[in-house]
Amino acid sequence: MGASAIHSYSDARRLARRRLPWMVFDYIDGAAGEGVAEARNLAALREIELQPRVLVNVKDRDLTVPVFDHAGHVPFGISPMGMCNLSGPGADLMFARMAAKHQVPHGVSTVASTTMEEIIEEANGHAWFQLYFSGDGSGTKKLVERAKAAGYRTLVMTLDVPEVGRRPRELRRGFKMPFRIGPMQFVDFALHPRWSISSLLAGAPDLANFKKDGFDFDRTESRALADWDFLKQLRDSWDGNLVAKGVTDVEDAKRLKAEGVDAIQVSSHGGRQLDAAPPPILALARIRAALGADYPLFYDTGLRSGEDVVKAYAMGASFVFFGRALQFAIAAGGEAGLAQYWQLITEEISLTLAQMGQVALPRNGIL
């Protein structure tokens, strides 16, 4: 079975689970605690209703959506995700090519398995650099300067990881960045030879941005020193677009806007940080109401389908991003799998709008 078998998120996840080592699948698929926050958000997404309408001419539907200074050809982009090449050799560059083709943002993680310089070149400039604060912040500032030099014009500061969330599935499998291979992992890889051989031939995925002299990263290092003073320093030093990612609180959102952040990305990190976190899809509507119709609000967490995309726009999103679902598509069928899943999401968005009697997506929650 290959890419032709991908007709839904469930298909992509099922095939990925079959092909990926247990450790890798649980890293991509896992959530904080018992997965309550993830499940609660998915349930909230399912409960959102979209009203069908009839006898409306919806023949010419337009899926383009403005995102900062240009219009994306489709209304969704790629969330920053660490170590994407675990899902398949070259996954980072597959995402970059997709972003370039559709002129949408590819979020490039601090802990990407391909360098930020390679990705933005392959993406033809359609890449945003995602930044983690860590330690005393000195290494963070060096990454900001490196992103500037590489030509990034949008910086995504992830704020919801003061400490890495406790993810039991990762812990049980012994997942670490970079890899530490012991007897359990050796058996795991041996039982998944297709992944292991292709990854070995391509070179084991690693923290590519930290192979350069003077750049170090420790995933376990505390990120708790980041505060509003740091945000001000970052705003003053970065003259491009600044996005604050990982926000679900209305008061935080108000202050971020007041501090000069150009956009907020409502997210709970895919349910990977706090198991008691509120559903971000509902927080999106509250934050939209508080910040008004014109302020850019992006959204990620829990998106699986084209209908989910339309729901997020109806709740107030200005643009949305897919995460682990796209990694599953690559694990299931490589670049062809990614292309097929991307196409089915796009078709589902268009079909959903037709059912609703609409020719375009809501703009910031307003049809």
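The values are calculated or read from the model by the stated rules, or taken from the named source; none is laboratory data. It should be emphasised that the depicted structure is a prediction, and the values quoted were computed from it without experimental measurement. Quick reminder, even Gly has a Cβ in these numbers, built from the backbone with ideal geometry, and neighbours come from all protein chains shown. Just the protein is used for accessible areas: all its heavy atoms, side chains included, with ligands, DNA and RNA removed. Shrake-Rupley method; radii C 1.70, N 1.55, O 1.52, S 1.80 Å.
Put simply, the convex hull of the Cα atoms in the range 112-173 casts, on average, a shadow of 5.4 nm². For the range 261-333, what class follows from the C-alpha gyration tensor (a ≥ b ≥ c being the square roots of its eigenvalues): rounded when a/c is under 1.5, otherwise prolate if a/b is larger than b/c, else oblate? Verdict is prolate for the range 261-333. Working ranking of peptides 7-16, 73-82, 321-330 by packing, defined as the average number of other Cβ atoms within 10 Å per residue, highest first, is 321-330, 73-82, 7-16. Projected over every direction and averaged, the convex hull enclosing the alpha-carbon atoms of the range 1-54 yields 5.8 nm². Long hydrophobic helices in the chain, taken as whole DSSP H segments with a C-alpha length of 27 Å or more on their own axis and mean Kyte-Doolittle hydropathy at least 0.0: 324-356. Distance from the Cα centroid of the range 193-208 to that of the range 1-67 is 26 Å (rounded to whole angstrom).
Length gained on full extension, ASP249 to PHE215: 9.0 nm, using 0.36 nm per residue less the C-alpha separation. If the chain linking GLN355 and ALA149 were pulled fully straight, counting 0.36 nm for each residue of separation and taking away their Cα-Cα distance, it would gain 69.6 nm. Taking the Cα of HIS70, stepping 7 Å toward and past its beta carbon, and measuring to each backbone N in the range 82-121: which are under 15 Å? Under 15 Å, as judged by backbone N against the label point of HIS70, lie 96-107, 120-121 of the range 82-121. Mean projected area of the convex hull spanned by the Cα atoms of the range 206-263, taken over all viewing directions: 5.6 nm².
Straightening the chain between VAL187 and ARG53 buys 42.8 nm, computed as 0.36 nm per residue apart minus the Cα-Cα spacing. Rounded to the nearest percent, how much of the accessible area of the chain (1.4 Å probe, protein heavy atoms only) is carbon and sulfur? Reported share for carbon and sulfur atoms: 53 percent. A simple count of charges around GLU122, restricted to other residues whose Cβ falls under 14 Å of its Cβ and scoring Lys, Arg +1 and Asp, Glu -1, yields -3.
Note on the chain: along the principal axes its Cα atoms extend 62, 52, 39 Å, ordered by decreasing extent.
What FRET efficiency, computed as 1/(1 + (r/R0)^6) with R0 = 35 Å and r the Cβ-Cβ distance, is obtained for SER198 and GLU347, rounded to the nearest 0.05? My answer for the efficiency is 0.75. Remark on ALA360: its backbone amide H falls under 5 Å from those of ASP62, a criterion applied only to residues 5 or more positions apart or on other chains, H modelled at 1.01 Å from N. When shorter helices are ignored and each DSSP H run of at least 4 residues is given -39500 (n - 2.57), the per-residue value for the chain at 222 nm works out to -13500 deg cm²/dmol. Hydrodynamic analysis of the range 200-331 uses the Kirkwood radius over alpha carbon pairs. Inserted into Stokes-Einstein at 20 °C and 1.002 mPa s, it gives a translational diffusion coefficient of 127 µm²/s.
Whole Å is fine, so just give me how far the alpha carbon centre of the range 262-331 lies from that of the range 225-259. Measuring centre to centre over Cα atoms gives 18 Å.
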